[in-house]
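The values are calculated or read from the model by the stated rules, or taken from the named source; none is laboratory data. Remember, predicted model here, so these are calculated numbers, not experimental data. Neighbour counts are summed over all protein chains in view; Cβ atoms, including those assigned to glycine, are modelled from backbone coordinates with ideal geometry. Please note that ligands, DNA and RNA were not included when accessible areas were found on the heavy atoms of the full protein model with its side chains. Shrake-Rupley method; radii C 1.70, N 1.55, O 1.52, S 1.80 Å.
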Amino acid sequence: MDTHIPEGAPEMDPLQRAGAVALIEDGFDSVEAIEGPDGIEVDLLDSIVAVYPGGALLKVFVDGPALEFAEKAVRSVVGELLELSELLADWHIERCEVELHPELAQESLDAADGPDAPPDDPADRKARHAGPPTAEDDDYDAEAQAETVRGQMLALADELRSFPPVMFGVLDDEDDEDEDIVSEFAVSPEDAKLAAGALVYATDILVDELFQDVQTLTQEETNAAECD
């Protein structure tokens, strides 16, 4: 989840960032469970707060009956925490995403049963993947999937504000006057947007993985060198 300071407000200095971390962490420490939609309770297990000059990134671990319930519950409690803190009242939630915990998701997959469950033996699983395509595989439209991903990358490109298109190879006005540069190095604006969107997508995954690593190290009370 991304929480941001309103546009136009001054960026926080290190002391203000430390204060924001304390306020948010204290707010989460006072919450044990969240009441989600339809009165369904979602347990709050843990949270990690990372603050930067323009806002904060929150990683919240919850136990809920469904992803939709978990997302709505977390968005609700974070919104309430911001409203209750006078110093954070002007902050707003920019993005809230939810995903299955990788270890719990793997446990669920391992426990799955039925005709579509993968074989336990690795050799059998490899043989299944190497076998002829099934009817379901025949329905897969690679071209349509590629177009869907392309649309997602173009949409994500708007979230990248740190680097202008010229950083991805789009020529500026001065370069346009040099025909040799145009013919050899020119990158179209759309290709640059695809690259920008891919960078945003990859950065989001990287940050999420870092949060999970921090959570693992905290639970194991160890460091990266000693953690398996």
Quick tally, 1.4 Å probe accessible area for 218, 3, sorted with the most first, runs 218, 3
A correct Karplus calculation of ³J(HN,Hα) over the stretch 223-228, with 6.51 cos²θ - 1.76 cosθ + 1.60, θ = phi - 60°, whole Hz and x for Gly and Pro, returns 10, 5, 5, 9, 9, 6
Rounded to the nearest 0.05, what FRET efficiency do residue 66 and residue 11 give with R0 = 35 Å and r taken as the Cβ-Cβ distance? Could you check? 0.40
